[in-house]
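Undergrad: What follows is a single structure, and I will ask about it in a moment.
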Amino acid sequence: MAGIEAEIPYNVIIIGSGLAGLQCAVILGRKGYRVLVLEKNEHIGGTLQSFDYKGVSFSTGMHYVGSLDEGQVLNRIFRYFNLFDGIRYKRLDEHGFDVFNIGGKKYAFPMGWPAFENYLKALFPEETTAIQNYINAVESTVCGQEIFNLENPAATYVEKPSQSINAWDFICNLTQNAELRQVFSALNFVYAGDRNRTPWYVHALINHYFISSSYRVVGASNQIPQRLYQEIEKTGGRVLTMQKVTQLLFNEDHLSGVRCADGNEFKAEMIISNIHPGSTMNLIEPGKIKKSYRNRLEQKTDTLSCFALYLKLKPGKFRYQNFNYNFYLQPDVWYASSYDERLWPEHFFLHFPADEPNPQWVDHLSIVTYMSFEEVSMWKDLPSNARGIGYKQFKKEKAEKLLALVLLQFPELENLITDYTTATPLTFREYVGSPTGSMYGTLRDYKFPLASYVGVRTKIHNLYFTGQNLNLHGVMGVSISALLTCAEFVDLPELLNEINDS
Ligand SMILES: Cc1cc2nc3c(=O)[nH]c(=O)nc-3n(C[C@H](O)[C@H](O)[C@H](O)COP(=O)(O)OP(=O)(O)OC[C@H]3O[C@@H](n4cnc5c(N)ncnc54)[C@H](O)[C@@H]3O)c2cc1C
């Protein structure tokens, strides 16, 4: 017998403990399934994990969440998962939750659609029709996505017109005003928009999500996976870390379990993969799945990856700001699609953590910007402790360049930095196991809505997908993906009622 637990039958094994995987485990556990979550890393949560560096805790991949006001969609979802229990959320500044500096001009997005509409109309009095049309279009696109309103959809995949419309083209058709086009698109970094590919529905859902209301977790983001872990335990489910799944096991043509890197084998009736679809295909031996399907999932284009600079500051010296700061050197927020390594960095996103016990000051900051995987690909096959001096030097140079850009906006930081560390696309690849450390998983393409879509069901009847590679990324997107995945196991209308009533 290969593994310690070969004899224990689970109903469901979930590969990966990202947000969606943990949420599936809670839902299915509450519905009576015996669930096992297997996580390759030491810490659970995927990009929701945080790490401690020289006494401070940095969040890796969740800076704020949207639609958390009472009654709004994420608020209902978080209530269902008990994510208000012991975790505090700080509502960002309603007069400017996201501040943008686009090519030297500043904008502060107010929270709530009426305030947002008034703000835009005051800034662009000649453009009231375009602004009204924009707001109506966002509203009708979001209304048309039933599941994003926690309403029962007619089917898990229904192709909607908003999936085959290019977001940038749509915005350009609303107005000739170049500045307003950029302002409509300003939240671009939170979906890594590609001018030539991103569909309108991605833009509409994300903008609706954050403009409706925006909050940040008080303290580190890993409180969310930790809380979900407790909910899983309550249902009798298990979460095992340091268990990298390396192979899906078959009994003839029937998927029967998984094998991990250390030889442990676990059996289950159903498997859910919370990892990148291409990485999932790598777990399946040749001949068990159609080559064309395997190729389609392995060759998917991903959203860009990123470089993060984590600064440790002298305490009590740098004021907390209740907003995110987004800087674009050029007046083009869509620059991920024309990203040029030689001009790097042209952008940064600065996150002020909301921390106790001194909420008016920050003792650390996270700064994130795009970076393509190719820039670090020469070290891609080396373990993290064997990348040598060249990789260290690369990170140092990049950190210094990014910091120089940040200091132009925040010169007072110069004498306050006591230490720093960085994360590259290789770090993000390790956090989530995606091939290129992509920030938000697979890239949706308006030209190929069906081909760029990853469904819950796979070509193996008892293998399912969940997570950011399905409909949408982000805390909201992956929570919805978890509901769609669980709809294969439980009654979705009943589950939605439970969430809406919680
Ligand atoms: C820098 C950054 C900033 C972000 N900021 C925000 C934000 O402010 N707001 C927001 O809403 N969203 C944000 N996001 C996006 C959000 O964090 C993700 O969309 C979401 O957390 C993805 O969840 P997931 O369920 O798809 O799982 P993932 O986070 O992708 O996790 C997958 C898990 O599977 C594990 N795994 C992989 N391979 C294996 C294997 N073979 N065996 C076992 N386990 C395996 C990984 O270790 C990982 O734990 C950000 C992302 C990044 C990168």
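The values are calculated or read from the model by the stated rules, or taken from the named source; none is laboratory data. Given the structure is predicted, the values throughout are model-derived calculations rather than measurements. Methodologically, a virtual Cβ is constructed for each residue, glycine included, from the backbone with ideal geometry; neighbour enumeration extends over all protein chains shown.
Undergrad: What is the residue count in the stretch 242-258 for residues that are surrounded by 14 or more Cβ atoms within 10 Å (Cβ to Cβ) and more than 9 Å from the ligand (Cβ to nearest atom)?
TA: Count: 7.
Undergrad: Report every pair of residues separated by at least 6 positions or lying on different chains whose Cβ atoms are under 9 Å apart, first residue within the stretch 270-289 and under 17 Å from Ile13 (Cβ atoms) and among the hydroxyl-bearing types (Ser, Thr, Tyr), second assigned to a loop (DSSP other than H, G, I, E, B) and within 8 Å of the ligand (Cβ to nearest atom).
TA: Ser273/Gly16; Ser273/Leu283; Ser273/Thr466; Ser273/Gly467; Ser279/Gly433; Ser279/Ser434
Undergrad: Can you tell me which residues in the stretch 32-57 are in contact with a strand residue (DSSP E or B) (Cβ under 6 Å, 6 or more places away or on another chain), within 11 Å of the ligand (Cβ to nearest atom) and farther than 14 Å from Val239 by Cβ?
TA: Result: no residue meets the conditions.
Here's the yes/no breakdown for (1) within 10 Å of the ligand (Cβ to nearest atom); (2) in contact (Cβ under 8 Å) with a residue 12 or more places away in the chain; (3) surrounded by 21 or more Cβ atoms within 10 Å (Cβ to Cβ):
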{"residue": "Thr436", "(1), (2), (3)": "no, yes, yes"}
{"residue": "Tyr440", "(1), (2), (3)": "yes, yes, yes"}
{"residue": "Ser452", "(1), (2), (3)": "no, yes, no"}
{"residue": "Gly455", "(1), (2), (3)": "no, yes, no"}
{"residue": "Ile460", "(1), (2), (3)": "no, yes, no"}
{"residue": "Asn469", "(1), (2), (3)": "yes, yes, yes"}
{"residue": "Gly477", "(1), (2), (3)": "yes, yes, yes"}
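Undergrad: Same structure, new question: So is Arg195 modelled with pLDDT of 95 or more, assigned to a loop (DSSP other than H, G, I, E, B), of a type in the set (Lys, Arg) and surrounded by fewer than 23 Cβ atoms within 10 Å (Cβ to Cβ) or not?
TA: yes
Undergrad: Going by the conditions given, is Leu297 under 25 Å from Tyr440 (Cβ atoms), within 16 Å of the ligand (Cβ to nearest atom) and at pLDDT below 95? Lay out the reasoning, then the answer.
TA: Numbers: under 25 Å from Tyr440 (Cβ atoms): yes; within 16 Å of the ligand (Cβ to nearest atom): yes; at pLDDT below 95: yes.
Criteria met by Leu297.
Undergrad: Next up: Considering Phe394, Phe428, Phe348, which residue is surrounded by 22 or more Cβ atoms within 10 Å (Cβ to Cβ) and assigned to a helix (DSSP H, G or I)? Step through it out loud before you land on a result.
TA: Values: Phe394 fails: surrounded by 22 or more Cβ atoms within 10 Å (Cβ to Cβ); Phe348 fails: assigned to a helix (DSSP H, G or I).
Within the list Phe394, Phe428, Phe348, the selection yields Phe428.
Undergrad: Inspect all residues belonging to the stretch 267-277 and state whether any of them is acidic (Asp, Glu) and either within 30 Å of Phe170 (Cα to Cα) or assigned to a loop (DSSP other than H, G, I, E, B) (or both).
TA: Keep residues of the stretch 267-277 that are acidic (Asp, Glu), which gives 269.
Cutting the leftovers down to either within 30 Å of Phe170 (Cα to Cα) or assigned to a loop (DSSP other than H, G, I, E, B) (or both) gives us none.
For the stretch 267-277, residues acidic (Asp, Glu) and either within 30 Å of Phe170 (Cα to Cα) or assigned to a loop (DSSP other than H, G, I, E, B) (or both): absent.
Undergrad: A follow-up question, please. Can you tell me which residue among Leu248, Leu297 is farther than 24 Å from Thr198 by Cα and either assigned to a helix (DSSP H, G or I) or hydrophobic (A, V, I, L, M, F, W, C) (or both)?
TA: Leu248
Undergrad: Right, here's the next one. I'd like to know if the stretch 23-42 contains one or more residues that are modelled with pLDDT under 95, in contact with a Cys (Cβ under 9 Å, 6 or more places away or on another chain) and part of a loop (DSSP other than H, G, I, E, B).
TA: no
Undergrad: Out of the residues in the stretch 388-425 that are in contact (Cβ under 8 Å) with a residue 12 or more places away in the chain and of a type in the set (D, E, K, R), which is farthest from Gly55 (Cα to Cα)?
TA: Looking at residues that are in contact (Cβ under 8 Å) with a residue 12 or more places away in the chain and of a type in the set (D, E, K, R), I get Lys401.
Undergrad: Does Gly467 qualify as being modelled with pLDDT under 95 and within 29 Å of Gly32 (Cα to Cα)?
TA: no
Undergrad: Still on this model: Kindly indicate the residue of the stretch 134-155 that is loosely packed, with under 14 Cβ neighbours inside 10 Å and more than 18 Å from Leu472 (Cβ to Cβ) and also modelled with the highest pLDDT among those meeting that condition.
TA: Out of the qualifying residues, it is Asn136.
Undergrad: Restricting attention to the stretch 140-190, which residues are in contact with a Gly (Cβ under 9 Å, 6 or more places away or on another chain) and not in a helix (DSSP H, G or I)?
TA: Within the stretch 140-190, Thr156, Tyr157, Lys160, Ser185 meet the criteria.
Undergrad: So how many residues does the stretch 100-156 have that are among the polar types (S, T, N, Q) and in contact (Cβ under 8 Å) with a residue 24 or more places away in the chain?
TA: Total satisfying the criteria: 7.
Undergrad: Could you please give the count of residues in the stretch 354-369 that are farther than 14 Å from Thr422 by Cβ and either touching a strand residue (DSSP E or B) at 6+ places or on another chain (Cβ under 6 Å) or among the aromatic types (Phe, Trp, Tyr) (or both)?
TA: Qualifying residue count for the region: 4.
Undergrad: Could you figure out which of (1) crowded, with 18+ Cβ neighbours inside 10 Å; (2) in contact (Cβ under 8 Å) with a residue 40 or more places away in the chain isn't true of Phe170?
TA: Evaluating Phe170 over (1) crowded, with 18+ Cβ neighbours inside 10 Å; (2) in contact (Cβ under 8 Å) with a residue 40 or more places away in the chain leaves (2) as the failure.
Undergrad: Tell me yes or no: at least one residue of the stretch 262-272 is under 23 Å from the mean Cα position of the chain (by Cα), within 23 Å of Ser481 (Cα to Cα) and more than 11 Å from the ligand (Cβ to nearest atom).
TA: yes
Undergrad: What pairs come out if I take residues in the stretch 186-210 that are more than 14 Å from the ligand (Cβ to nearest atom) and pair them with residues that are of a type in the set (Val, Ile, Thr) and in a helix (DSSP H, G or I) whose C-beta lies under 7 Å away, six or more apart or interchain?
TA: Between residues of the stretch 186-210 that are more than 14 Å from the ligand (Cβ to nearest atom) and residues that are of a type in the set (Val, Ile, Thr) and in a helix (DSSP H, G or I), the close pairs are Trp200/Thr141; Tyr201/Thr141; Ala204/Val138; Ala204/Thr141; Ala204/Val142.
Undergrad: Mind checking which residues of the stretch 66-99 are without any contact (Cβ under 8 Å) to a residue 40 or more places away in the chain, closer than 21 Å to Gln360 by Cβ and among the charged types (D, E, K, R)?
TA: The answer is Glu94, and nothing else.
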